Structure formats: C-alpha cells, structure tokens
Amino acid sequence: MSKIRLAGIVNDSITDGPGIRLTVFVQGCPRSCPGCHNPQTQPLCGGYEEDDAVVLEKIKSNPLLDGVTFSGGEPMIQAKNLLWLAGEIKKLGLNLFCYTGYIFEELKNVEGANDLLNYIDVLVDGPFVKEKRDYRLKFKGSTNQRIIDVPKTIKQNKVVLIEDEKWN
Ligand code: SF4
C-alpha cells in the first residue's frame, strides 16, 4: 500500500467517462498546458497525501459506481503509488479509466506506467491543446487526445482507439 498525493476526490462524477464514477484527481503535473482545466493541480508539492486504502474505502462505500477515473494532475508520474489501488479497483469489478498528458507511446519511458496500464481499461492520452479545443467532445478537451482501448492495445501491440459513440 502507498500514499498518493491528491488534489481531491469527486464522487458521483458524470463528466470523467460514461456512467457514474468516482474520480481521483492526483496532484502534480510537469506540463503547463495553456488553458489547463485544472491549473491548481499542477504544483508537484501541492495538495495532500492520502493512504490508498482510504481512497479504496471511499470507492467501496458507493454502491452506485460504474467505475473509477484517475485524472489530475498527471496520474502517470504517480503510477507506482496508484498500482495497488488500481488492482483493488479491478478486484471489485469496476472499470478503470485514466487521463494522461503523455501520449501512449511515451509511457514505456515513465517508471511504473507499464504496470499500471495492465489495470486500465480506457486511457485518454495526450496533452490539452488550446487551439484544438472542441466543446462537443464528451470526455476529452481537445481533438488531439485519443480514447484508447488499453487491453486491446496491449494484446495487439498497437494503439486501438474506441469509436463507440458513448465515448465520442
Ligand atoms: S497535462 Fe492536463 S493537468 Fe497537466 S497541465 Fe496539461 S491540461 Fe493541465
């Protein structure tokens, strides 16, 4: 078990993926995307530390959840600290989505990211690009970002996108 540096937790979210979700906003992001929707989550030393077991209890206490979303901040820079929680989320039968400012192909160079990807069902990748913002997008901010089916991507060893309209 680990401590996770958090910006906050939102229960019953309907904006971070299809269905009712608990969203874990991690604290800290090395990017400074102009127009970042959560600039308060950028400082690496901001937010607060929380036990992953406490986060898990919050998840378990909500019977309405379809799944959990890791957002931020940049979840992948805390990949190692999120690993145990991700495994427990999957044991509960919940789906797990994750946002990252990295593109998928960069993650092989991020410590712990490959291990975390083994538990993630859907990854929204790439930084927010203000010039490519489109308010019609349901669960991403700009058109450069991709909605990736992670299990299929790992199995086929190439990025497989989700075209389902509930996502797009
Ligand atoms: S990657 Fe996301 S959290 Fe980080 S600066 Fe860009 S928009 Fe903000």
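Of note:
- Net charge over other residues, Cβ less than 15 angstrom from the Cβ of ARG136 (K, R count +1; D, E count -1): +3
- 3J(HN,Hα) along the range 113-124, derived from phi through the Karplus expression 6.51 cos²θ - 1.76 cosθ + 1.60 where θ = phi - 60°, amounts to 5, 4, 5, 5, 4, 4, 9, 8, 7, 9, 10, 9 Hz, with x in place of Gly and Pro.
- Residues whose amide H lies under 5 Å from that of THR69, counting only those 5 or more places away or on a different chain, are LEU22, THR23, VAL24, PHE97; hydrogens are built 1.01 Å from N in the peptide plane.
- Sequentially through the range 44-54, phi angles give Karplus couplings (6.51, -1.76, 1.60; θ = phi - 60°) of 5, 9, x, x, 8, 8, 9, 5, 4, 5, 5 Hz, Gly and Pro residues having no value and appearing as x.
- The GluC sites (Glu not before Pro) of the range 99-135 that DSSP puts in a loop, and whose beta carbon has at most 16 other beta carbons within 10 Å, are GLU111.
- Residues with amide H under 5 Å from that of CYS36, placed H, sequence gap 5 or more: none
- Stretch gain in nm, segment LYS130-LYS60, where the contour uses 0.36 nm per residue and the Cα spacing is subtracted: 21.6 nm
- Cα-based Lys pair tally, the range 1-135, threshold under 29 Å, eight or more apart or on separate chains: 19
- Phi-derived couplings, Karplus 6.51 cos²θ - 1.76 cosθ + 1.60 at θ = phi - 60°, listed residue by residue for the range 154-165: 5, 5, 8, 6, 7, 5, 10, 8, 9, 9, 3, 6 Hz, with x used for Gly and Pro.
- With protein chains left intact and a 1.4 Å probe, residues in the range 81-168 average 56 Å² of accessible area per residue.
The values are calculated or read from the model by the stated rules, or taken from the named source; none is laboratory data. Predicted model, so just to flag it, every value in this text is computed and none were measured. Cβ: placed from backbone, ideal geometry, glycine included. Neighbour counts: every protein chain shown. Quick note on the areas: whole protein, heavy atoms, side chains included, nothing else; ligands and nucleic acids left out. Shrake-Rupley method; radii C 1.70, N 1.55, O 1.52, S 1.80 Å.
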